[in-house]
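Just so you know, all these numbers are worked out from the coordinates, no wet-lab data involved. Only a predicted model underlies this, so the values are computations on that prediction, with no experimental measurement involved. Using ideal geometry, Cβ is built from the backbone for each residue, glycine included, and neighbour counts are taken over all protein chains shown.
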Amino acid sequence: MQIEVTVNGERRSADVAPRMLLVHWLREELGLTGTHIGCETSICGACTVHLDGRAIKSCTLFAVQCDGHELTTVEGLANGNQLHPVQTGFWEEHGLQCGYCTPGMIMSAAALLAEHPDPSDQEIRQALEGNLCRCTGYQQIVSAVRHAAGLTSGSR
Amino acid sequence: MVLRPVSIGARIKRREDPRLIRGLGLYTDDLRLHGMLECAFVRSEYAAGRIVKIDSTRALQRRGVVAVYTYDDLRGEVARAPCAARMDETRDVEHPLLADGAVRYLGQPLALVVAQDRYLARDAALDVDVEIEPGPCVVDPLAALEPDTPRVYRSLPDNVNVRIPPEPEALAAVEKAFAEADGTLSLRIVNQRVAPVPLECRAVVADWQEGAQKLTVWISTQVPHQAKQQIAICLGLSELGVRVIAPEVGGGFGCKLPVYAEECLLSWVSRRLRLPVKWAETRTENLMNTTHGRGQLHDVEAAYRRNGELLALRGRIVAEVGAYASYLGGAIPTFTLLMYPGCYRVGACAFELVNVYTNTMATDAYRGAGRPEAAYAIEMVMDELARKLGIDPVELRRRNFIAPDAFPYQTAGGATYDTGEYEAALDKALDRFDYSGARAAQAEARSQGRLVGIGIATFTEICGLGPSSNANPLQRTGTWESAQVRVEPTGNVTIMTGASPHGQGQETAFAQLASDAFGVGIDDVRVVHGDTDVVPHGVGTFGSRGLVVGGTALHMALEKVKAKAAAIAAHLLDTTPDRLRFDGESFSVAGAATDDGAERRMTFREVASAAHLWNVPVPGQEPGLEAVARFEPEGTTFPFGAHLCQVEIDRETGQLEIQRYVAVDDCGNIVNPLLAEGQRLGGIVQGLGQALCEQVVYDETGQLTTATLMDYAVPKATMFPEIELDSTCTPTPLNPLGAKGIGELGTIGSARCLMSAVHDALAPLGVAPVEMPVTTERLWRVLREAGA
């Protein structure tokens, strides 16, 4: 099927098989391998991307469902060399170890902060409940998101 | 020479992160080679049975399918799957790369499909017609030891993988202690089987180059050098023709320590087809066929004096090996034997260990690997003894701790502890927790009928395994680690480490060591790892050994380089090395100045340049500035900790809330506190996961009911409060860094600490100690039965 999708600000036309999962299309057709596959069942969140600004899990969405929509992946989050505040927060607060859950975590956290610029720790934990991390125990991830919230409010 | 610490001990943020936070890390499944084919496995749908037929006709008819392989294709071509821990040669069984006639566990690979893309490969795998005549299976390890039970291997007399009886002297000492004791305590203690669940599943890309006669294999592994050796052996290749690369590795936790059948098989297929092939495990395959952890059942008896002194321990440990002995799986429970006495003066200890085959996936290392099981058991003994004697559990521990001046201390478990200050760590934790205040508040809550519990765990573990005299010849490596330091002509530094990381942060911590050694900036150091063609032969990252063994090897290599740099500098400054001073950046001649008052000095970078330019040759030296070192530990290190937590269980619903968690850990000297905290926090939550929600469940027919992350509960962010960290520092004399290891410590203490709190919370109900995992449902049932 023919689709037209804006990915990281760039208009992409493609002929994709109807059953092609979005995550496979991003990774294997577009080479955007920052979006990871962790469970294939929408539980772990490693594949989280933004669809029209909302965080969604790309392992259980068909690429064709994105026809006419806008996608942002972790590769499109930074503004050139200027990291997104959530990326900065993860770096500053050691919010990652093996890095595999990180792109999805960052996309979910960025979506949270877009809606709630100053969340409580509990709100951060709740917002990240759909993203699993096996390395950090989440605490430094919470610190990372808090750090990012501080950066965002500081720039306003 | 004076070392001026600049970055050691500093909270330096990670150099790995810029690529990872932008999605630019390269994991195995991210690789795309020209002409690469994708693989999918056909796996057994039964836990036990006889293969009647495997017919790949339909699969091969599908367009884009290149090949389907079964065991018949492998016959005579490959050896068994790698296994370095053959505990009892008479009970050793071969695990074939693909099933040979019989299937013995759910998901055992039957056939491999190779196709042009992964969708096709998976479609074609469904087209392979498999007929299996199901046979009787045994899943429960105790049932497996019964006389008339189904046998996993007909060639063996029973389901025992190894039976290790206690030493006769130990048994005699234990019997004497039991005879003299004031009382005894019996417990059955279960450590349920869990799944490691790294967020990145396993993945392999194999690429045979026919021209070069060379195989390159990218594997998500903790041990690239061991994988290289084992793949070469399995395929009958020279190791010169095998290169293994561990690119970015998305977590391991022990389950990427085994060298797997799939890794050998993909290598064979690539060589056969002369094309690159990839296999990326699905999560269901990961939960079903990546090694599990824990799975131990202890029957333990403790002998004690009325004053609470623990005299002796005896009993039996039944450990689940699974359907075959994985790479190191059979050896893991021996660490439980070794660490059983924990941080206490237990006079005598005698256990029988029975490793049992069942029709389930194999077990192997999982964060802590045998030590969490020991810590769980001895700490539960302490808690139950305290309850029985009416002594506060803190006080009981104080009465039994090994005293700080007793080290090195030989335990009844057979270990020699290096150093320990157990009471100091406990005191710090109690203070932070306000233990007496918390007990008073608990009494108040209990008087209102609330179920509040306070948990405690004081524990030690074994890290940095050595010496290599204990190494297993089948593993083809000792317990040392390698490091190479190569100073470039500019003075920038390339480090190569055999301790290939999977999230630990070696690229940062090891650069800190080099930065301080030579006075170069951290960003002028590059840490290379995980490529067997580039990195000197090494061992890998597991058992909390990265810094302790790998870091020490690096330290030694840095010292060698520094000594050579000093010799060069001395010659150029017209002095002798013993008169040189190194201030962390420059060599200068002690007490000597030029006529204009300036010191005679050379920076490290100037020395590096001179070492390569060599226009002024240095007698007795070669040009260049580099060194390789290997650290062979002469003994093991024993980090320790004291954890406290408070929980409340809702009487109506069984809902458990962790209200506080305080962890005081001691891993000796720390290179980067930020990374050490990350290891501790992650480790603690991983142990809490086992206590709270994780369990691999097979039904009686060997079907796995926890085969997706919808069924296997990995802990989530909402389940935990902010964990409070504090530390003490008791360095080890066994390595020049004074580091003890930190990767597994949190996990070893936390599962028991939480369960200690749960048992304490339920104590007023008089119920038997509830087992892990304490899901809401399990607690609700306990509360209903207790009539709460």
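Can you list the GluC sites (Glu not before Pro) in segment A:55-156 that are in a DSSP coil and have 15 or fewer other beta carbons within 10 angstrom?
A:GLU129
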Inset, instruction - Mind giving me the nanometre distance, one decimal, between the label points for B:GLU301 and B:VAL52, set 7 Å out from Cα along Cα→Cβ? - result: 5.1
Inset, instruction - Could you tell me the distance between the Cα centroids of segment B:590-663 and segment B:310-376, to the nearest Å? - result: 33
Inset, instruction - Apply the Karplus parameterisation 6.51 cos²θ - 1.76 cosθ + 1.60, with θ equal to phi minus 60°, to every residue of segment B:730-737 and state each ³J(HN,Hα) to the nearest whole Hz, in sequence, with x for glycine and proline. - result: 10, x, 9, x, 7, 8, x, 7
Inset, instruction - Round to a whole angstrom and tell me the spacing of the C-alpha centers of segment B:678-693 and segment B:225-241. - result: 35
Inset, instruction - Quick one, could you list the DSSP H helices from chain B stretching 20 Å or more along their long axis (Cα atoms) with average Kyte-Doolittle hydropathy of -1.0 or above? - result: B:371-389, B:552-572, B:673-692, B:745-762
Legend entry - Among A:CYS135, A:GLY99, A:SER13 the positive-end extreme of the charge dipole of chain A (Cβ point charges): A:CYS135
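Would you mind working out the magnitude of the charge dipole of segment B:469-578 relative to its Cα centre, with +1 at each Lys and Arg C-beta and -1 at each Asp and Glu C-beta, to the nearest 20 Debye?
Using only the charged Cβ atoms, the result is roughly 340 debye.
Once you order the gyration tensor axes a ≥ b ≥ c over the Cα atoms, which shape class does the protein assembly as shown get: rounded for a/c under 1.5, otherwise prolate or oblate by comparing a/b with b/c? Walk me through the intermediate numbers first.
Details: a/c = 1.30, a/b = 1.04, b/c = 1.24.
Rounded is the answer for the protein assembly as shown, as its axis ratio a/c remains below 1.5.
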Inset, instruction - May I ask for the distance between the Cα centers of segment B:407-457 and segment B:154-186, given as a whole number of Å? - result: 30
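Counting each DSSP H run of 4 or more residues in chain B as -39500 (n - 2.57), what helix-only mean residue ellipticity at 222 nm follows after dividing by all residues, to the nearest 500 deg cm²/dmol?
-8500 deg cm²/dmol
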Inset, instruction - Would you work out which of B:GLY766, B:CYS729, B:SER756 lies farthest towards the positive end of the dipole of segment B:711-788? Charges go on Cβ: Lys and Arg +1, Asp and Glu -1. - result: B:GLY766
Inset, instruction - Counting other Cβ atoms within 10 Å, keep those with at most 13, restrict to DSSP loop, and tell me which trypsin sites (Lys or Arg not before Pro) in segment A:1-57 are left. - result: A:ARG19
Inset, instruction - Could you calculate, for segment A:94-156, the ratio of the Cα radius of gyration to the Kirkwood radius, expressed as Rg to Rh? - result: 0.94
Legend entry - GluC sites (Glu not before Pro) restricted to segment A:1-66 and DSSP loop, no more than 10 other C-beta within 10 Å: none
Legend entry - Rounded to the nearest 20 debye, dipole of chain B from Cβ charges on Lys, Arg, Asp, Glu: 620
Legend entry - Calculated [θ] (222 nm, deg cm²/dmol) that DSSP helices of n ≥ 4 give over chain A, each run adding -39,500 (n - 2.57): -9000 deg cm²/dmol
Legend entry - Given charges at beta-carbon only (K, R positive; D, E negative), |dipole| of the protein assembly as shown in Debye: 480
Legend entry - Positive-end residue, the protein assembly as shown charge dipole about Cα centroid, Cβ charges, pick of B:LEU675, A:GLY68, B:SER220: B:SER220
Inset, instruction - Within segment B:510-553, which residues have the backbone N less than 12 Å from the label spot 7 Å out from B:LYS214 along Cα→beta-carbon, could you tell me? - result: B:532-534
Legend entry - For chain B: lysine pairs under 19 Å (alpha-carbon distance), excluding those fewer than 8 apart on one chain: 5
Legend entry - Cα-based Kirkwood hydrodynamic radius, chain B, one decimal, Å: 27.9
